[in-house]
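Shown next, in structure tokens, is the structure this report addresses.
The values are calculated or read from the model by the stated rules, or taken from the named source; none is laboratory data. Given the structure is predicted, the values throughout are model-derived calculations rather than measurements. FYI the Cβ positions are ideal-geometry reconstructions off the backbone, even for glycines, and counts take in every protein chain you see. Please note that ligands, DNA and RNA were not included when accessible areas were found on the heavy atoms of the full protein model with its side chains. Shrake-Rupley method; radii C 1.70, N 1.55, O 1.52, S 1.80 Å.
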Amino acid sequence: MKETIYLPQSGDKRQRSTRPVAPENSALADELRSQLKGKPTKCGFNRSWTHEIASFIWDILRIAIVAVLCLCFSLGGFGAGMLLGYASTTKPLSIGDLTSAEESQTSFIYDSENNVIAKLTGSENVDRIYVSYSEVKNTYIDDAIIAIEDERFREHSGIDIKRIGSALLSAIANGGSATHGGSTITQQTVKLISGQDEHSTSRKVQEWFSAMSLEQSLTKDEILELYINLAPMGNNYVGVQAAAMNYFGKNASELTLPECALIAGLPKSPSYYNPLRESGRRNAQRRMRTILGKMYELGMITEDEYKDALNTELEFRQRSTDRNATVNSYFTEYAISEVIGDIAKARGIKRALASSLLYNRGYHVYTTLEPETQAILDEAFKQRDLFQADPDKIADYPEKPNASMVVINNSTGAIAAMQGGYGEKTMNLSLNRAVSTHRNPGSSIKPLLEYAPAFELGIIAPATIVMDEPKHLDPQRPNVDWPVNYTRSYLGAVTIRTALVNSLNTIAAELWTNVGGETALWYLKQVGIDRTSEGAYPSQSVGGFTNGMSTLEMAAAYHTFATGGTYTQPYAYTQVLDSEGNVICRPDPISYQVYSPETCFFIGDILKGVVTNSTPSNYGGQIENADGEHIDTAGKTGTTSDNVDRWFCGFTPYYSAAVWYGYDNRLRQTNIPSCDYTGAVRIWMYCMNKIHENLPGATFTKPDTIITASVCSSGYYPTDACREQGKIYTDYFVAGSYLCPRDDKPCPFHVTPTPTPIPTPDPNQQNGQNGQNGQGGQGGGPNPPNPPG
């Protein structure tokens with residue numbers, strides 16, 4: 001019997017040659033394997049009689065299976081039709097630029113003014129670095145992968161019938177758990193490209209056809225190149241180059257035999273074999289020894305190489321933070337993530353592969369970032385006085401307050417700026433609170449969930465009178481006052497305008513009931529916040545959701561009011577071009593009408609009162625530009641139970657923005673102290689005032705269908721008595737609406753008092769009385785006054 005060995009020559013890893021295997025070497029191998037945990041299950045050098053019998057039985061069984069399948073498909077067309085159906089629906093793999101035909105190129109990210117804001121290179125992106133097969137061909141990485149994943153890789157045409165059958169028999173013999181899979185490296189590469197990992201017959205058949213198609217399109221080396229660059233390596237690392245650099249601190253071309261064997265074993269279960277954890281490292285090294293044994297068994301390495309590899313102590317790289325690494329902004333990272341997702345979706349490939357393309361193919365990504373607007377947010381989020389009104393008061397808190405903000409350009413619906421946390425951003429892929437943190441919105445949800453739908457359905461007008469009084473709107477507790485207002489007091493009869501400006505919980509819950517909980521959630525979904533899966537329940541009316549909202553979601557929803565009722569899905573980039581200027585992808589944000597312009601005008605006009613009356617005097621009030629010109633400003637505060645979260649969401653004619661303020665609560669729940677109750681408002685007003693400094697004065701557009709009308713404070717058509725008593729004011733109404741004051745329904749509460757008339761004496765009666773009195777007759781009391789004149 002002969003084995004293949006490798007002899008190093010002039011810088012090359014090895015050259016294949018053959019030599020006889022001495023009996024003592026075989027004995028040595030057996031002895032070494034007996035000392036290993038997880039040793040290979042079979043020996044390729046000493047085939048026992050039981051192995052020969054099993055091999056013979058397997059050959060007979062394979063022939064029988066093929067015969068049965070042929071019979072079934074020849075006699076019944078159903079199975080063949082089913083297979084053909086699955087095959088016909090197999091989506092072709094998009095592999096045009098997946099293999100490296102040229103050197104890796106730097107990709108560039110631009111802002112809206114075409115300034116470069118980030119450069120993406122494989123060397124800087126330590127999570128996934130593309131490496132060509134030619135660079136690692138002289139290492140053992142290819143042999144290690146083939147040995148453990150697909151020993152007949154060089155022979156089959158995409159699928160390995162023997163391996164599939166072996167996996168099935170293994171599953172039967174082990175109670176349903178196979179000791180190895182049936183997928184070839186080509187099949188695994190198909191899954192890594194497409195991201196399709198659904199466990200179904202149709203997917204498996206489609207995977208087979210895709211694998212055979214891939215084999216026809218690419219060489220074996222090209223398929224291996226894809227695999228070594230797409231295989232998951234744990235800790236968000238993808239590909240052998242990222243694994244080599246992060247686990248061993250070297251390039252993949254410099255890996256030793258045992259290092260190659262360890263890395264080759266990671267894709268099976270990256271978390272179980274995680275080298276950065278002590279238990280994972282032990283598991284990975286056991287699998288490494290199994291792979292080394294398999295490589296020796298297949299003749300890929302010599303006995304000396306095998307023995308030396310087993311006795312080599314691996315030196316893992318110590319984790320450290322590279323202070324010289326470029327740190328991308330929160331916006332840039334979000335834009336990159338969106339581009340990767342869109343490329344993956346458009347091409348039907350996995351995100352990991354789309355990311356590799358973005359970082360290595362010289363793409364040009366044009367974003368919507370407005371540099372001046374972003375600079376204002378960057379500066380604001382470094383000012384401690386905006387975040388901590390009294391630093392001494394929170395000195396002993398387990399953490400400091402944080403915030404996030406998103407600004408959207410009203411004319412385009414694009415994200416103009418984004419901030420995901422307080423202070424300087426010191427690392428990539430840190431928590432972006434603007435998109436990844438979801439917190440309950442408190443009362444900032446009221447305009448979206450109750451008031452706008454109620455206006456849209458014609459249930460209310462700004463001047464509609466409602467009663468702020470104890471209510472029992474919780475069906476689970478019908479005898480309990482719910483909800484209660486933030487002030488724990490009631491105002492009695494108020495207008496809808498007053499109820500929203502004062503954020504009365506009783507009125508919000510009543511409107512939610514009148515609109516209908518499911519209808520309210522439907523409207524909320526239309527503005528980009530889908531919580532329909534939660535079902536409708538009363539606490540949603542005051543901001544209590546199972547799943548909270550992100551800052552981006554709230555900014556985009558309020559943007560709908562600023563545009564006259566049109567919702568536009570927020571987007572962060574406009575196009576991606578390849579190195580030759582060809583369009584790779586463009587965003588396709590959905591846009592549609594949700595509310596009427598009249599509803600949005602009502603909301604904007606009422607929320608102007610919130611900004612004017614309910615914001616801190618040093619930051620609040622309507623925005624004015626540098627020339628003192630007025631710019632309409634509308635907004636709504638939001639507070640959750642125990643002051644855990646504070647929100648401010650609003651808009652002007654130019655921009656919409658949302659701010660969340662609070663604590664991350666990583667150690668325990670931290671309540672916002674009273675001195676920072678206005679934290680969200682401070683940040684919002686500071687940024688928006690600076691953003692609008694050089695913009696012309698502007699007001700919200702009033703639709704032609706909106707009229708002004710006088711109305712009594714009772715909500716009825718005013719009478720003269722209402723005027724005399726000063727009970728009249730003007731408000732906005734939709735022309736022709738039944739909610740407009742009507743003269744045939746005057747105010748019944750204010751009435752002009754009828755003066756008491758002065759009685760006029762009857763002359764005849766008066767004369768008789770005088771005569772009687774003059775005659776000394778019986779008197780009837782004092783004489784009435786004489787008539788005038």
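Tell me the net charge near Asp396. Cut-off is 14 Å between Cβ atoms, Asp396 excluded, with +1 for each Lys or Arg and -1 for each Asp or Glu.
0
Using R₀ = 25 Å, calculate the FRET efficiency as 1/(1 + (r/R₀)^6) where r is the Cβ-Cβ separation of Ser591 and Lys525; round to 0.05.
Efficiency, rounded to the nearest 0.05: 0.95.
Only four residue types carry charge here, +1 at the Cβ of Lys and Arg and -1 at the Cβ of Asp and Glu. Report the dipole size of region 471-599 about the Cα centre in Debye, rounded to the nearest 20.
It works out to roughly 500 debye.
Calculate how many DSSP beta bridges within region 599-744 are antiparallel, expressed in % of all such bridges and rounded to the nearest 5.
Percentage antiparallel, nearest 5: 95.
Distance check, please: which entries in Lys250/Lys350; Lys191/Lys307; Lys690/Lys727 exceed 29 angstrom between their Cα atoms?
Violating the 29 Å limit, Cα to Cα: Lys191/Lys307; Lys690/Lys727.
Rounded to the nearest 0.05, what FRET efficiency do Asn671 and Tyr537 have when you use their Cβ-Cβ distance and R0 = 22 Å?
Efficiency, rounded to the nearest 0.05: 0.35.
Could you give the length gained by full extension between Thr487 and Ser269, i.e. 0.36 nm per residue of separation minus their alpha carbon distance, to one decimal place?
Net length gain for the segment: 73.0 nm.
Please work out the FRET efficiency for the pair Lys393 and Arg277, using the Cβ-Cβ distance as r and a Förster radius of 41 Å; give the result to the nearest 0.05.
0.55
What distance in nm lies between label points placed 7 Å from Cα along the C-beta direction at Ile161 and Thr219?
For Ile161 paired with Thr219, the spin-label model returns 2.8 nm.
Using modelled amide H (1.01 Å from N, peptide plane; none on Pro or chain starts), what sits under 5 Å from the amide H of Ala493, excluding residues fewer than 5 places away?
Correct list: Asp468.
Collect residues whose amide H, placed 1.01 Å from N in the peptide plane, falls under 5 Å from the amide H of Tyr655; neighbours closer than 5 in sequence don't count.
Those qualifying (amide H under 5 Å, at least 5 residues apart or on another chain) are Asn410.
Near the amide H of Arg361, under 5 Å away, which other amide H atoms are found, from residues 5 or more places off or on another chain, if H is placed in the peptide plane?
For Arg361, the qualifying residues are Gln105.
In nm, what is the difference between 0.36 nm times the number of residues separating Asp744 and Thr121 and their Cα-Cα distance?
So the chain would gain 216.8 nm between Asp744 and Thr121.
Extending each Cα 7 Å along its Cβ direction at Gln318 and Ser430, get the distance between those two points in nm, one decimal.
2.4 nm
With charges set only on the Cβ (+1 for Lys and Arg, -1 for Asp and Glu), what does the dipole of region 528-677 come to about its Cα centre, in debye to the nearest 20?
Value, rounded to 20: 420 debye.
Put Thr599, Thr730 in order of accessible area, largest first, 1.4 Å probe: what do you get?
If we order Thr599, Thr730 from most to least accessible, we get Thr730, Thr599.
Rolling a 1.4 Å sphere over the protein heavy atoms, what is the accessible area per residue of region 657-732, to the nearest Å²?
Per residue, region 657-732 has an accessible area of 47 Å².
Got a number for carbon plus sulfur as a percent of region 491-604's accessible area, 1.4 Å probe?
46 percent
Specify the inter-centroid distance of region 353-413 and region 669-721, based on alpha-carbon positions, in whole Å.
25 Å
Relative contact order for region 530-647: what percent, with Cα pairs under 8 Å and sequence separation of 6 or more?
17 percent
Label-point separation (nm) for Ser737 and Thr513, each offset 7 Å from Cα along Cα-to-Cβ?
With each label placed 7 Å out from Cα toward Cβ, I get 2.3 nm.
Only residues of region 647-679 count here: report those whose backbone N is under 16 Å from the spot 7 Å along Cα→Cβ of Asp385, or say none.
Answer for region 647-679: 676, 679.
Please give the contour-minus-distance gain from Thr612 to Thr699: 0.36 nm per residue of separation, less the Cα-Cα distance, rounded to one decimal in nm.
The Thr612-Thr699 span can extend by a further 29.9 nm.
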